[in-house]
Every structure is written in structure tokens, then in C-alpha cells.
Amino acid sequence: WLGGGLGVYRVSLAELNALADGHTLDAQFIRFTASEGLVSSYVNGDESRPTGWKSRDGRLWFATTRGLAVIDPLYLNATLGNFTNIVPPLIEAVKADDLLIYGHPAERSSLNTNSRDARQFIHRTSENIPIIPADNSHVLEFQYTANSFVNSKATRFRYRMKGVDTEWHEKTGERVVHYANLRPGNYTFELISATHQNVWNTMPASFSFNLKARFWETAWFYVFCAASVIAVVLLMHSFRLKLQHRLMKVTEQQNLAKERARIARDLHDDLGTSLTGLALELDVIARKDQGTGATSADLKESARKTRALATRMRDLVWTANPACDSIISFADFIEQLGDQFARGAEMRLRLDFPENIPPIQLSPETRHQLSLCIRESLSNVLRHAKATELVLRLVICNDELIVQVADNGLGFKSTSKNGSGLKNMAERMNSIGGSFSCEPGTNNGTTVSLHLPLKEKAKSR
């Protein structure tokens, strides 16, 4: 028996000798303090005054700061189990945020206010393990205690969460443990306790549970995210390929435009100039001709045909020139074409064009087919109509280009609508996605209408 500043100790003399001889590193002891009935936990004593004394009846007397303390070893041998019995731990309650999942919460709980009892509504697994809802798994609270009737305040606790902790953690003070932001899965909370004599139990109290995954923590969400990433990558790759294809197409169009511009320039500067020069030479020869009148007339006719050929050459140059791929250029072209025909037939020319023409693009093929249809219409007016007035009308309405050639001439018979020229115009308009009509005018004459959808043309570009 030993007395000291922290109480009275009972320890085996054999264990003390073994500890002194170095045969062991620890000695088991039982400590008695004021909690076990001593008047004071501090026992006085030194070399001249012994800490304790054994009387003839076997009782032990110890001097404390507050008086004598008497211990009867015979009585202790009969009741020693009260001091060394293992204290079983108890998990009182488990809460998930504001939901009570298990047990009965103690008044000391920091999350006890406004809590809801969800014990009877909690779903369980096939092994009867409670499933904690995902919306209430941010903070888990475990309340615990131990059924000790001897110095219960000195009871010690250790805990661990299987799946999170690799070692036991000792907790002092408030008998509450919190875990926050656990990953979805299966967990087991374990708790062990020790008496004030430092005797630990080996059978922990446990509580197993399953944390339900939030929707962004489920496998299907990860699959969805992976599929989304793959889809985005594929879309980006597809967009990249389309962009490369578009860039290649733009490059090809630019190269084609350069080639068209070169051809148009060569035709204008070389062949067009040569034809114009040939026509002038024929005129000079006709004036200098001293022969018969028939020869002079033939030369003049050749000069006229040469000029007509030069005019057609200018039309081809206009069609090939990429700078003319717009409705504005097309309007200028048909204005010049109408003026040329009107002057040759001594007719009045009236233009009905919009004040502001939008800069809508027209492909070379579209301009070429439209120009041939208009030229054919003007030729019909010149050859058959015997008109005194020619009207060229250009309308842009509801994503449609409408070009009309109208005259105040003789009109036409119903049988004349089946001519090859009209059929050719209809086929030309069909080839570029448009339509053709030839109807009597409001005041005699004839009106030829060419309709071309502009929205489809914009999409095709």
C-alpha cells in the first residue's frame, strides 16, 4: 500500500519488484481517492513521518490533509469488484442533422433543439441497417455514456468510425461525437470505456448505418458526367472538323474567286478588246469600200455581229467576276441590259427598283441563269411585242427575289406559251430553285415573272 499526492494505491509487491528489476514495463494498481471515500486525495508523509500505519487489527491508517483515513483490506477484498468491474459503454442516441435516427437524445445534445423523430420512417437494408437520407447526412451526432456507479465522472471513452478512422480516439468532456461530410457508404461507429481504475472493456458498443448517396454522388451521375464529357469532346471534335472543312471551303472559294477574277480580267482585256477592235476595223473597211453596196452591207453586218459578240463577252465577264456576286450588281446589270435593248428598239424604259437594295449574295450560276432568262424575255419583246414601253421591275419581299419584264405590246395567244424559249426559261429557273411565269399584262402587253427564294440560297452558301 502506498500513499501520495494523488491518493492511496494498492499494488502487488511482486509486480513492483519485477518492474524494478526490469522484467516488466508496467504494474497494475488500484487507486483510491476522495471519490472512493477518502476524506482527501492528498496523503502527507516523508522519510521521518511515514505516510501510513498498519494497526494490530489489520486496518490501514493514512494521514491526509484533512485528517486520518482508515482502510480495511479485509472489507476491500470482499467488495473489490465494485472498483475493478468493467464499465459497459452505451450509445444513447444517433442524429443526422435535425433527424433522430436511433435512441433517445440527452438534454446535453447541442443538436437537440427542433429535432424531428424519424426513427419509424427510416428505411433499412436487408441486414436491418438504417439508411440515413442524403439530405440529412451533413453532420452526424453520436451521444453516449456508461453505466458506472463508482466515480462515473472519471470514466474514460475511446471511439472510432470504421471506414474513416484507423485508430481509436479518446474523448473527454462532453459525451458527444460529431462527424461531418462523410462519403456515401456503410459505416460502423464503435465505443469502448474504462473505469476510473483504467480498466478498459474489450467488447465495444457499436452502431452500423448506411449513408445514402446524394444524386451527384451516385454511379449513374458519374456515368452521366462521363458521357457528357465524352459528348462535349465529340461535339468539339465535330465542330473542329466542320470548322476545318469550312475553312477549306472558304479557301477553295477564295482560290476560285481569284481564278474567276483572273479569267474575267483576261477575257475583258484580251478577247473583249480584240472583238471591239475587230468591229471598228470592219466599220473602217466598210466606209473605205469602193465596191458594190452589197459588200459594204455585208461588212456592216459583220461589224454588228462582232459588237454583239463583244457584248455577250462582257456578259460572260460579268458572270465570272466574283466582285459582281450580289443583288446590287445584278440590278446594275439588268438596268444596263434593259437600256441597251430599249435604245435599239426605240422604246421607253421604266425601272421599278427598290430605293435601298440589300447586299444579298447571288452565286455565279444563279446570276447567269437569271441574266439569260431576262435576255430571252427582252428578245421576245423586241421581236414579237411591237411595244412602245418596257418596264423592268425588281422586288425583294418575304425572302424572295422577284424580277419582272413587262411591256405594253400586242400580248400573246394561249398557244404561243408553249414555245421553246419559254420552256427554256422555266427549266433555267427550276435549275436554280426558282419559278417562271408568263401572263398577260394589266393594260395589254405581257409580263414575265422570275421568282427566286433567297432564304434557301443563303442556307446553301
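The values are calculated or read from the model by the stated rules, or taken from the named source; none is laboratory data. Note that the structure is a prediction, hence the values are computed from the model and not measured. Don't worry about glycine lacking a Cβ; one is built from the backbone with ideal geometry, like all the others, and counts go over all protein chains shown.
Values as computed for the structure displayed
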quantity	calculated
Hits in the range 173-210 - residues which are over 11 Å from T155 (Cβ atoms) and among the small types (G, A, S)	G173, A180, G185, A205, S206, S208
Inter-residue pairs, beta-carbon under 7 Å, first at negative phi and modelled with pLDDT under 90 and in the range 220-242, second part of a helix (DSSP H, G or I) and of a type outside the set (K, R), 6+ apart	F221/F215
Condition broken by Q404, with the remaining ones in (1) surrounded by 13 or more Cβ atoms within 10 Å (Cβ to Cβ); (2) within 47 Å of the chain's Cα centre (by Cα) satisfied	(2)
Selected residue (criterion: surrounded by the fewest Cβ atoms within 10 Å (Cβ to Cβ)) from residues of the range 337-391 that are in contact with a strand residue (DSSP E or B) (Cβ under 8 Å, 6 or more places away or on another chain) and among the acidic types (D, E)	D352
Residue tally, condition out of contact with any Gly (no Cβ under 9 Å at 6 or more places or on another chain), among the hydrophobic types (A, V, I, L, M, F, W, C) and within 14 Å of Y9 (Cβ to Cβ), over the range 19-76	5
The range 1-47, residues that are assigned to a helix (DSSP H, G or I), at pLDDT 85 or above and either under 24 Å from V70 (Cα atoms) or within 60 Å of the chain's Cα centre (by Cα) (or both)	L13, L16
Given (1) closer than 20 Å to I432 by Cβ; (2) free of Cβ contacts under 8 Å to residues at least 12 places away in the same chain, number of the condition Q336 does not satisfy	(1)
Failed item in (1) more than 19 Å from S206 (Cβ to Cβ); (2) modelled with pLDDT under 85; (3) surrounded by 11 or more Cβ atoms within 10 Å (Cβ to Cβ), with R119 passing the rest	(1)
1 or more residues more than 22 Å from T442 (Cα to Cα) and modelled with pLDDT of 85 or more: qualifying strands (runs of 3 or more DSSP E) within the range 320-416	400-407
